[in-house]
Amino acid sequence: MGRKDRERFLRLKETNPEYQGFRGAATATPPPPPPPLVTESVTCSLCQRRRNVNVASLPPDRSAYVCLRCQEEQAT
Ligand SMILES: [Zn+2]
């Protein structure tokens, strides 16, 4: 390690005691767990079938929901 690099390393270590160098990722805070899957029973506006759908993928207007099967049929 060059002198400049060492100075830089020490400065980083000073400002961040957790700093372990560039390969210190193992000590980094783990990402937060994914939110729990919430599903809602919605009626598809095209085929009128009821589907349990992940709320995150639902449109704000539930009556505009189109199930995956119908979306695929529209795409082809
Ligand atoms: Zn459908």
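The values are calculated or read from the model by the stated rules, or taken from the named source; none is laboratory data. Every value quoted in this text rests on a predicted model; they were computed, and no experiment measured them. So basically every Cβ, Gly included, is an ideal-geometry build from the backbone, and we count neighbours across all protein chains shown.
Hey, any hits in the range 45-56 for a residue that's surrounded by 12 or more Cβ atoms within 10 Å (Cβ to Cβ) and of a type in the set (Ser, Thr, Tyr)?
Yes - at least one qualifying residue is present in the range 45-56.
Just checking, does the range 50-59 include any residue being within 13 Å of the ligand (Cβ to nearest atom), touching a Leu at 6+ places or on another chain (Cβ under 7 Å) and either in a helix (DSSP H, G or I) or modelled with pLDDT of 95 or more (or both)?
No, the conditions are met nowhere in the range 50-59.
If you go through the range 37-46 one residue at a time, do you hit one that is at pLDDT below 90, within 21 Å of the chain's Cα centre (by Cα) and not small (Gly, Ala, Ser)?
If we filter the range 37-46 for residues that are at pLDDT below 90, which is where we start, we get 37.
Next, only the ones that are within 21 Å of the chain's Cα centre (by Cα) stay: 37.
Narrowing further to those that are not small (Gly, Ala, Ser): 37.
Among the residues of the range 37-46, at least one is at pLDDT below 90, within 21 Å of the chain's Cα centre (by Cα) and not small (Gly, Ala, Ser), which makes the answer yes.
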